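Chemist: One structure, as structure tokens, below. Some questions next.
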Amino acid sequence: MDLPLRISPFGDRWRCQGCGICCRGVIIPLSDDEYLRIRRQGWQSRPEFAGRKLFVRVHPFRRKYRLAQRADGYCVFLSPQGRCRIHEEFGEEAKPLVCRMFPYQIVPLERFAYLTVRRNCPSAAREIGPTLDEQTEAWRPLAEDERLRPRAAAPPPLSVSVRGGWRHFHRVCDSVERLIRDERFPMVRRLVHAAMLANMLDRCRPQIWADENKLRELLRLLEGAIPEEAGAFFRERQPPGATARLLMRRTILDYLRLHPRFALENTWADRLRWIATSLSLGWGRGRIPAPAVGRAFQPWKPALASQADGTGVPESPRDTASPGWVELAELENPLGPLDRELLRPLDRYFESMAVSRRFAVRGRRGWPLTDRIRALSLSFAVGMWMLRWSSPDRGVTDDDVIDAVIALDRGEGHAPQGSRGYRQRLRALDRLGQIPRLLAWYVQ
């Protein structure tokens, strides 16, 4: 059954800035019609595409394709000026549906679906542009496409041992939303509260879940008691244990390649750099690549049209900087006090996830709701580590925070962050009681 579509009440905004970030490192699957339409546009006969692969076959037995990428990870159709060549020459309707839909995101629930935005778009992370209410003419035809039309489905399991239904799901999500939007506390405290709630719900007896009144009362009691209990993690600031640090570094590795300033190309040199990075993070010592100084395409800033060769923006982030190396030990040093307004894009990202329920139903197929809460909470610690990595010799800037939001949001749809191994890692940290400790430690 198709679900009616409602705009998320969070008040998301965005406007395309032509930054090109959404065109890097993203798999764009093509329908049969899209593949044939783009082939008929005649790109193969153009000199600038001579010798370039435009499509990649994704299935050994069926003719299914995706758009090819350059060595730097950007779409093969992205121009040096950060514009889609298909869009420029044939109009927006000629682009693949996946490209036209971004950053809109449909979140199917029980009786309706929310429309929100992915905040791995910089303008969405900065909340620049008109509201979704003001963009109805843009997203409505896309949402009515057969491939995107929201349909009713069963909710995810509630905990590691309880399946439950939509009413239980909404009760828990309402509780998580209240905790994450509790402005009495900074965001790190709110996410510790959510992680503690998930831990306690996993320990609930089935009889509690079976009785809706008991569940409602339990959630009320936990919401009142958890904030006081969580204070100890921030008063004591105990360092995470060795096992927790190892699991945290493995989690960081899954997110690092999603950062806009992590320059990784499809070359043997960069493959070796990635292996060196993986080994360093595995051992907990050594060096990892420093962030690139600039991105290929700078959003919300004047276009870089003053290149000596007149081609405008360079082809890849590697052209704007040659990243060096950062000692891993330096990234364990405290950040120092950060202005709450500086971290506002991070706060808004987590609040948006809670309000739209995107963390609870999108991606991570088969994951219980409690594991999804843990994943959302731990990602804040990853974001704080990324702020250290992106500013090793200077203060944290607004751009650093936006880049961290982009990486975290990308992780919500990234296969490694939805894998069985990732879920086992989260559960191990939860059993050790280390998720709140990691959050309290890395926010320093």
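Each value in this text was obtained by applying a stated rule to the coordinates, not by laboratory testing. Remember, it's a predicted structure, so these values are computed and weren't measured experimentally. Here the Cβ is made from the backbone with ideal geometry for all residues, glycine too, and neighbour counts use every protein chain on show.
Chemist: Once Rh for the chain is found with the Kirkwood sum over Cα pairs, what is the Stokes-Einstein diffusion coefficient at 37 °C and 0.692 mPa s, in µm²/s? List each step's numbers first, then the result.
Modeler: Values: Rh = 23.2 Å.
Using the Kirkwood radius from Cα pairs, D works out to 142 µm²/s.
Chemist: How would you rank 184-190, 331-337, highest first, on the average number of other Cβ atoms within 10 Å across their residues? Walk me through the intermediate numbers first.
Modeler: Values: 184-190: 19.1, 331-337: 11.7.
My ranking of the peptides, most packed first, is 184-190, 331-337.
Chemist: Something else about it: What Kirkwood hydrodynamic radius do you get for region 1-86 when you take the inverse of the mean 1/r over all pairs of distinct Cα atoms, in Å? Walk me through the intermediate numbers first.
Modeler: On the way: mean 1/r = 0.0653 Å⁻¹.
Answer for region 1-86: a Kirkwood hydrodynamic radius of 15.3 Å.
Chemist: Return F49, F350 ranked ascending by Cβ neighbour count within 10 Å, so the fewest neighbours appear first.
Modeler: On the way: F49 15, F350 25.
Ranking F49, F350 by Cβ neighbours within 10 Å, fewest first, gives F49, F350.
Chemist: In percent, what relative contact order does region 1-104 have, based on Cα pairs under 8 Å that are 6 or more apart in sequence?
Modeler: Working: 87 pairs, mean separation 29.0, N = 104.
Relative contact order for region 1-104 comes out at 28 percent.
Chemist: Choose one answer from R410, R52, R149: the residue with the largest mean-square fluctuation in a GNM of the chain with alpha-carbon springs under 10 Å.
Modeler: R52
Chemist: Same structure, new question: Could you give the nm distance between label points at R271 and R394, where each point is 7 Å from its Cα heading toward the beta carbon?
Modeler: Each label point lies 7 Å from its Cα, and together they span 3.4 nm.
Chemist: Also, I was wondering about something else. Can you give me the relative contact order of the chain as a percent, contacts being Cα pairs under 8 Å and 6 or more apart?
Modeler: Values: 650 pairs, mean separation 94.9, N = 444.
Over the chain, the number comes to 21 percent.
Chemist: Highest mean first, how do 73-80, 162-169 rank when packing is the count of other Cβ atoms within 10 Å averaged over residues?
Modeler: Values: 73-80: 20.0, 162-169: 16.4.
Final packing ranking: 73-80, 162-169.
Chemist: Provide the gained length on full extension for the span R420 to F55, in nm with one decimal, where the gain is 0.36 nm per separating residue minus the Cα-Cα distance.
Modeler: Values: separation 365, 0.36 × 365 = 131.40 nm, distance 3.03 nm.
So the extension gain works out to 128.4 nm.
Chemist: What are the aspartates and glutamates whose alpha-carbon lies under 16 Å from the alpha-carbon of K214, with same-chain residues fewer than 8 places away excluded?
Modeler: K214 reaches D174, D202, E223.
Chemist: Taking the simple approach of a point 7 Å from Cα along Cα-to-Cβ for both L432 and E330, what is their distance in nm?
Modeler: Rounded to a tenth, the inter-label distance reads 2.7 nm.
Chemist: For the pair A154/A225, report the inter-label distance in nm, with labels modelled 7 Å from Cα in the Cβ direction.
Modeler: Using points 7 Å along Cα→Cβ, the separation is 3.2 nm.
Chemist: Whose amide H sits under 5 Å from the amide H of R6, counting only residues 5 or more places off or on another chain, with H placed in the peptide plane?
Modeler: Here the answer is A113, Y114, L115, since their amide H atoms fall under 5 Å of that of R6.
Chemist: When DSSP assigns beta bridges and you keep just the ones with both residues in the chain, what percent turn out antiparallel, to the nearest 5?
Modeler: 85 percent
Chemist: Also, I was wondering about something else. With a Förster radius of 45 Å, plug the Cβ-Cβ distance of D145 and A242 into 1/(1 + (r/R0)^6) and report the FRET value to the nearest 0.05. Write out the running numbers ahead of the final one.
Modeler: Working: r = 50 Å, r/R0 = 1.11.
Plugging the Cβ-Cβ distance into 1/(1 + (r/R0)^6) gives 0.35.
Chemist: Run lengths n ≥ 4 of DSSP H only: what is the helix-derived mean residue ellipticity at 222 nm for the chain, with -39500 (n - 2.57) per run over all residues, to the nearest 500? Walk me through the numbers before you get to the answer.
Modeler: Details: 18 runs with 201 residues, N = 444.
Result for the chain, helices only: -14000 deg cm²/dmol.
Chemist: Once amide H atoms are built 1.01 Å from N in the peptide plane, which residues 5 or more positions from Y65, or in another chain, come under 5 Å H to H?
Modeler: L30, V58
Chemist: If the rule is a partner Cβ under 4.7 Å, which cysteines in the chain fail it?
Modeler: C16, C19, C22, C84, C99, C121, C173, C204
Chemist: Then there's this: Hey, what do the phi angles of region 71-78 turn into as Karplus ³J(HN,Hα) couplings, whole Hz, using 6.51/-1.76/1.60 and θ = phi - 60°, x for Gly and Pro?
Modeler: 4, 7, x, 7, 4, 5, 9, 7
Chemist: Starting at the first residue of region 250-262, write each ³J(HN,Hα) from the Karplus equation 6.51 cos²θ - 1.76 cosθ + 1.60 with θ = phi - 60°, in whole Hz, x for Gly and Pro.
Modeler: 5, 5, 4, 4, 5, 8, 4, 6, 8, 6, x, 9, 8
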